[in-house]
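Shown next, in structure tokens, is the structure this report addresses.
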Amino acid sequence: MATVVVTGANRGIGLEFVKQYLAKGDKVIALCRNTSDELSQSDAKVIDKVDVSSPECLEKILPTLSDLKIDLLINNAGVFANETLEHMSVKTLEYQFRVNAIGPLMVTQMLRQQLVKGAKVAMITSRMGSVTDNTSGGYYGYRMSKAALNIAGVSLAHDLKEQEVAVALLHPGHVQTEMVNYSGDISAAVAVERLIQRIEELNLGNTGTFWHSNGEVLPW
């Protein structure tokens, strides 16, 4: 039985990770700002009031997990906003950086001593953070923050290799979640099934890879 920690676990992709890893018989610790009925009724250990955008919050809550031995850390928490050149908010830009890029890095840094030998870290990112793949512009904060998350993930892949911990940068696909007003083309269940397969394929030989959930290696 593996021990899995998931951030942003109360809904969407995060909740689906919780459900599928529980179904595998794993122990799941679900971190979220506010729990949901479905999450609370699951067999996961739920820790709410976890705001990954707040270092002070993380410094207060994550030490309570100091006795935990983690096999898989899934940094899933994220936010999305659609800025254009005509309509842009510095406050929104900064918030996306705090949640999408700085938050996952801080969570990993604070839990790194709990990662066992052979553990894995999954960063749920987006192909919208790819410079090569950007053919339409816009979405400034989301694209920039996911690009920042990608480079943080590659640095973590190098820095955690000595600890024998592998890191994956994972794009779920266009998933039908509340974040995109359910406009995606695949369900959260299908996306997570694919993501779990990518996580299972992750090792120290391919650590730092940027994958689509369908197995395609994405360009930076």
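The values are calculated or read from the model by the stated rules, or taken from the named source; none is laboratory data. Keep in mind the model is a prediction, meaning the values are calculated, not measured. No Cβ is skipped: glycine too gets one built from the backbone with ideal geometry, and neighbour counts run over all protein chains shown.
General remarks:
- Which numbered condition Gly173 misses (of (1) part of a loop (DSSP other than H, G, I, E, B); (2) surrounded by 17 or more Cβ atoms within 10 Å (Cβ to Cβ); (3) of a type outside the set (A, V, I, L, M); (4) at pLDDT 95 or above): (4)
- Flag for Val99 being of a type in the set (A, V, I, L, M, F, W, C) and under 19 Å from Tyr21 (Cβ atoms): no
- Checked against the criterion of being modelled with pLDDT of 95 or more, crowded, with 21+ Cβ neighbours inside 10 Å and in contact with a strand residue (DSSP E or B) (Cβ under 9 Å, 6 or more places away or on another chain), the stretch 128-138 contains one or more residues that satisfy it.
- Lys117 vs. criteria modelled with pLDDT of 95 or more, of a type in the set (Lys, Arg) and buried (at least 21 other Cβ atoms within 10 Å of the Cβ): no
- Which numbered condition Leu111 misses (of (1) within 16 Å of the chain's Cα centre (by Cα); (2) within 17 Å of Leu160 (Cβ to Cβ); (3) free of Cβ contacts under 8 Å to residues at least 60 places away in the same chain): (3)
- Residue match in the stretch 120-139 (condition: aromatic (Phe, Trp, Tyr), closer than 23 Å to Ala9 by Cα and touching a helix residue (DSSP H, G or I) at 6+ places or on another chain (Cβ under 9 Å)): no
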